[in-house]
Amino acid sequence: KAGVTQTPRYLIKTRGQQVTLSCSPISGHRSVSWYQQTPGQGLQFLFEYFSETQRNKGNFPGRFSGRQFSNSRSEMNVSTLELGDSALYLCASSIPRGPGANVLTFGAGSRLTVL
Amino acid sequence: GESVGLHLPTLSVQEGDNSIINCAYSNSASDYFIWYKQESGKGPQFIIDIRSNMDKRQGQRVTVLLNKTVKHLSLQIAATQPGDSAVYFCAENIWVNAGNMLTFGGGTRLMVKP
(Lines give C-alpha, C1' and ligand atoms only; values in the text may rest on other atoms or scores of the structure.)
Protein backbone atom coordinates (compact mmCIF):
# COMPACT_ATOMS: atom_id res chain seq x y z
CA LYS A 1 0.00 0.00 0.00
CA ALA A 2 1.05 3.61 -0.51
CA GLY A 3 3.34 5.16 2.09
CA VAL A 4 3.12 8.52 3.79
CA THR A 5 2.94 11.27 1.19
CA GLN A 6 4.15 14.78 1.88
CA THR A 7 3.73 17.79 -0.36
CA PRO A 8 5.45 19.87 -1.46
CA ARG A 9 8.86 18.17 -1.33
CA TYR A 10 10.80 21.41 -1.66
CA LEU A 11 9.86 25.04 -1.20
CA ILE A 12 11.54 28.37 -0.77
CA LYS A 13 9.98 31.23 1.17
CA THR A 14 11.14 34.60 2.44
CA ARG A 15 11.09 35.87 6.00
CA GLY A 16 7.68 36.97 7.17
CA GLN A 17 5.75 34.74 4.81
CA GLN A 18 3.71 31.76 5.89
CA VAL A 19 3.74 28.19 4.65
CA THR A 20 1.37 25.22 4.70
CA LEU A 21 2.65 21.67 4.40
CA SER A 22 0.45 18.68 3.68
CA CYS A 23 0.61 15.04 4.76
CA SER A 24 -1.43 12.05 3.64
CA PRO A 25 -0.99 9.13 6.04
CA ILE A 26 -1.01 5.46 5.19
CA SER A 27 -4.54 4.22 4.65
CA GLY A 28 -5.97 3.11 7.98
CA HIS A 29 -3.48 5.09 10.06
CA ARG A 30 -5.37 7.57 12.18
CA SER A 31 -2.52 9.15 14.10
CA VAL A 32 -0.28 11.73 12.45
CA SER A 33 2.85 13.25 14.00
CA TRP A 34 5.04 16.05 12.74
CA TYR A 35 8.75 16.53 13.35
CA GLN A 36 11.24 19.24 12.47
CA GLN A 37 14.72 18.08 11.48
CA THR A 38 17.71 20.42 11.43
CA PRO A 39 21.46 19.74 11.52
CA GLY A 40 21.79 21.56 14.83
CA GLN A 41 18.76 20.28 16.74
CA GLY A 42 18.13 16.91 15.16
CA LEU A 43 14.59 15.53 15.10
CA GLN A 44 12.26 17.53 17.26
CA PHE A 45 8.63 16.70 17.96
CA LEU A 46 6.14 19.32 16.81
CA PHE A 47 2.70 17.82 17.42
CA GLU A 48 0.57 14.70 17.16
CA TYR A 49 -3.01 14.39 16.00
CA PHE A 50 -5.57 11.64 16.39
CA SER A 51 -9.20 11.85 15.28
CA GLU A 52 -8.81 15.52 14.42
CA THR A 53 -7.59 16.33 17.96
CA GLN A 54 -4.13 17.48 18.93
CA ARG A 55 -3.02 15.22 21.76
CA ASN A 56 0.52 16.44 22.28
CA LYS A 57 2.56 19.44 21.28
CA GLY A 58 6.29 19.99 21.40
CA ASN A 59 8.17 23.04 22.58
CA PHE A 60 7.62 25.29 19.58
CA PRO A 61 6.20 28.83 19.40
CA GLY A 62 2.59 29.49 18.50
CA ARG A 63 3.63 30.30 14.94
CA PHE A 64 3.64 26.57 14.39
CA SER A 65 0.19 25.08 14.12
CA GLY A 66 -1.49 22.10 12.58
CA ARG A 67 -4.73 20.31 12.03
CA GLN A 68 -6.10 16.97 11.02
CA PHE A 69 -9.09 16.34 8.80
CA SER A 70 -11.76 13.67 9.10
CA ASN A 71 -9.97 11.54 6.48
CA SER A 72 -6.82 11.63 8.71
CA ARG A 73 -4.91 13.86 6.31
CA SER A 74 -3.00 16.56 8.13
CA GLU A 75 -1.56 19.98 7.46
CA MET A 76 0.90 22.08 9.38
CA ASN A 77 1.30 25.81 9.08
CA VAL A 78 4.15 28.10 10.00
CA SER A 79 3.39 31.81 10.05
CA THR A 80 5.77 34.77 10.04
CA LEU A 81 8.65 32.65 8.85
CA GLU A 82 12.12 33.16 10.32
CA LEU A 83 15.47 32.08 8.93
CA GLY A 84 15.72 29.47 11.69
CA ASP A 85 12.60 27.74 10.40
CA SER A 86 14.60 26.37 7.49
CA ALA A 87 14.43 22.63 8.03
CA LEU A 88 13.16 19.30 6.83
CA TYR A 89 9.61 18.82 8.09
CA LEU A 90 8.70 15.18 8.51
CA CYS A 91 5.27 13.71 8.86
CA ALA A 92 4.72 10.24 10.28
CA SER A 93 1.62 8.13 10.66
CA SER A 94 0.77 5.19 12.87
CA ILE A 95 -2.05 2.90 13.92
CA PRO A 96 -2.71 4.15 17.42
CA ARG A 97 -2.26 1.46 20.03
CA GLY A 98 -2.10 1.54 23.77
CA PRO A 99 0.94 2.56 25.76
CA GLY A 100 4.25 1.22 24.61
CA ALA A 101 3.74 0.53 20.94
CA ASN A 102 4.27 3.42 18.60
CA VAL A 103 5.88 2.51 15.31
CA LEU A 104 5.87 5.62 13.16
CA THR A 105 6.10 5.38 9.39
CA PHE A 106 7.68 8.52 8.00
CA GLY A 107 7.24 10.35 4.75
CA ALA A 108 10.20 11.72 2.78
CA GLY A 109 9.69 15.19 4.21
CA SER A 110 9.17 18.72 2.97
CA ARG A 111 12.38 20.71 2.70
CA LEU A 112 11.69 24.35 3.59
CA THR A 113 14.26 27.05 2.91
CA VAL A 114 13.64 30.52 4.31
CA LEU A 115 15.60 33.36 2.71
CA GLY B 1 20.87 14.35 -1.21
CA GLU B 2 19.75 16.34 1.77
CA SER B 3 22.08 16.80 4.68
CA VAL B 4 20.73 15.07 7.75
CA GLY B 5 23.30 16.37 10.16
CA LEU B 6 26.61 18.14 9.77
CA HIS B 7 27.98 17.43 13.23
CA LEU B 8 26.91 13.88 13.93
CA PRO B 9 29.22 11.40 15.61
CA THR B 10 30.48 9.03 12.96
CA LEU B 11 31.24 5.33 13.10
CA SER B 12 33.38 4.02 10.28
CA VAL B 13 33.59 0.26 9.78
CA GLN B 14 34.93 -2.15 7.22
CA GLU B 15 32.45 -4.10 5.12
CA GLY B 16 31.80 -7.45 6.76
CA ASP B 17 32.64 -6.27 10.28
CA ASN B 18 30.06 -5.91 13.03
CA SER B 19 28.86 -2.43 14.01
CA ILE B 20 27.69 -1.24 17.39
CA ILE B 21 25.82 2.05 17.70
CA ASN B 22 25.11 3.37 21.17
CA CYS B 23 22.44 5.65 22.54
CA ALA B 24 21.71 7.13 25.95
CA TYR B 25 18.09 7.95 26.72
CA SER B 26 16.82 10.34 29.31
CA ASN B 27 13.39 9.40 30.61
CA SER B 28 13.12 6.50 33.02
CA ALA B 29 9.36 6.41 32.27
CA SER B 30 10.01 5.49 28.65
CA ASP B 31 8.25 2.22 27.89
CA TYR B 32 9.27 1.44 24.36
CA PHE B 33 12.33 2.07 22.19
CA ILE B 34 12.90 2.07 18.47
CA TRP B 35 15.88 2.30 16.14
CA TYR B 36 15.45 4.14 12.86
CA LYS B 37 17.72 4.38 9.82
CA GLN B 38 17.75 7.46 7.63
CA GLU B 39 19.33 7.53 4.21
CA SER B 40 20.05 10.70 2.31
CA GLY B 41 16.90 12.23 0.86
CA LYS B 42 14.55 9.92 2.75
CA GLY B 43 12.58 9.92 5.95
CA PRO B 44 13.60 7.68 8.87
CA GLN B 45 12.86 4.00 8.35
CA PHE B 46 11.98 1.55 11.14
CA ILE B 47 14.64 -1.07 11.90
CA ILE B 48 13.79 -2.76 15.19
CA ASP B 49 11.99 -2.06 18.45
CA ILE B 50 12.09 -3.28 22.04
CA ARG B 51 9.75 -2.95 24.98
CA SER B 52 11.02 -1.80 28.33
CA ASN B 53 10.33 -5.21 29.93
CA MET B 54 12.92 -6.82 27.65
CA ASP B 55 16.69 -6.47 27.55
CA LYS B 56 17.44 -7.96 24.13
CA ARG B 57 15.68 -8.43 20.85
CA GLN B 58 17.03 -9.85 17.60
CA GLY B 59 16.03 -9.24 14.04
CA GLN B 60 17.62 -10.07 10.74
CA ARG B 61 21.30 -9.08 11.15
CA VAL B 62 20.33 -6.58 13.87
CA THR B 63 20.15 -6.87 17.65
CA VAL B 64 18.98 -4.25 20.11
CA LEU B 65 20.16 -4.30 23.72
CA LEU B 66 18.48 -2.33 26.48
CA ASN B 67 20.06 -1.55 29.84
CA LYS B 68 17.50 0.29 31.94
CA THR B 69 19.83 0.60 34.91
CA VAL B 70 22.07 3.03 33.06
CA LYS B 71 19.45 4.13 30.49
CA HIS B 72 21.44 2.84 27.56
CA LEU B 73 20.39 1.36 24.26
CA SER B 74 22.58 -0.19 21.59
CA LEU B 75 22.09 -1.43 18.05
CA GLN B 76 24.33 -4.17 16.75
CA ILE B 77 24.55 -4.81 13.02
CA ALA B 78 26.16 -8.06 11.97
CA ALA B 79 28.25 -8.34 8.81
CA THR B 80 27.84 -4.67 7.94
CA GLN B 81 27.19 -3.98 4.27
CA PRO B 82 27.61 -0.82 2.16
CA GLY B 83 23.82 -0.50 2.07
CA ASP B 84 23.88 -0.03 5.84
CA SER B 85 25.57 3.36 5.41
CA ALA B 86 23.12 5.88 6.83
CA VAL B 87 22.31 7.89 9.93
CA TYR B 88 20.87 5.86 12.79
CA PHE B 89 18.55 7.29 15.43
CA CYS B 90 17.31 5.80 18.64
CA ALA B 91 13.92 6.93 19.90
CA GLU B 92 12.19 6.55 23.26
CA ASN B 93 8.46 6.49 23.68
CA ILE B 94 6.34 7.73 26.55
CA TRP B 95 2.60 7.57 27.05
CA VAL B 96 1.26 11.06 27.69
CA ASN B 97 -2.15 12.71 27.25
CA ALA B 98 -3.64 9.39 26.07
CA GLY B 99 -1.13 9.24 23.25
CA ASN B 100 2.31 7.91 22.47
CA MET B 101 5.11 10.43 21.97
CA LEU B 102 8.51 9.55 20.47
CA THR B 103 11.63 11.54 21.35
CA PHE B 104 14.67 11.01 19.16
CA GLY B 105 18.35 10.95 20.00
CA GLY B 106 20.87 13.01 18.06
CA GLY B 107 21.84 10.28 15.61
CA THR B 108 25.03 8.48 14.57
CA ARG B 109 26.36 8.37 11.05
CA LEU B 110 27.52 4.90 9.97
CA MET B 111 30.00 4.76 7.12
CA VAL B 112 30.87 1.38 5.63
CA LYS B 113 34.15 1.08 3.79
CA PRO B 114 34.21 -1.48 0.97
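The values are calculated or read from the model by the stated rules, or taken from the named source; none is laboratory data. From a predicted model like this one, the values you see are computed outputs, not experimental measurements. Neighbour counts run over all protein chains shown; Cβ positions are idealised from the backbone, glycine included. For the accessible areas, the whole protein counts, side chains as well, though only heavy atoms, and no ligand, DNA or RNA atoms are used. Shrake-Rupley method; radii C 1.70, N 1.55, O 1.52, S 1.80 Å.
With a probe of 1.4 Å, find how much accessible area the stretch A:1-101 has per residue, and write the answer as a whole number in Å².
With the other protein chains kept in place, the stretch A:1-101 gives 46 Å² per residue.
How large is the Rg to Rh ratio of the stretch A:1-111 when both quantities use alpha carbon positions and Rh follows Kirkwood?
Checking Rg against Rh, the ratio lands at 0.95.
Starting from the Cα-Cα distance between A:Ile95 and A:Arg67, subtract it from 0.36 nm times their residue separation and give me the gain in nm to one decimal.
Once the chain is fully extended between A:Ile95 and A:Arg67, it gains 8.3 nm.
Applying a 10 Å radius around every beta-carbon, put A:55-66, A:30-41 in order of their mean neighbour count, most first.
A:30-41, A:55-66
Could you check how many percent of all C-alpha pairs in the stretch B:47-114 are farther apart than 21 Å?
Of the Cα pairs, 32 percent sit more than 21 Å apart.
Give the total of Lys-Lys pairs in the protein assembly as shown with Cα-Cα distances below 25 Å; include a pair only if its members are 8 or more places apart or on different chains.
Count of close lysine pairs: 14.
Rg/Rh for the protein assembly as shown to two decimals, with Rh computed the Kirkwood way over all alpha-carbon pairs.
Using only Cα positions, Rg/Rh for the protein assembly as shown is 0.96.
Can you compute the FRET efficiency between B:His72 and A:Arg15 using 1/(1 + (r/R0)^6), with r the Cβ-Cβ distance and R0 = 30 Å? Round to the nearest 0.05.
Efficiency for this residue pair is about 0.10.
Considering the Cα positions of the stretch B:1-75, please state its Rg to one decimal place and its Dmax as a whole number of Å.
Rg then Dmax for the stretch B:1-75, in Å: 13.6, 39.
Within a 10 angstrom radius of each residue's Cβ in A:77-83, how many Cβ atoms of other chains show up on average? Whole number is fine.
Mean partner-chain Cβ count within 10 Å for A:77-83: 0.
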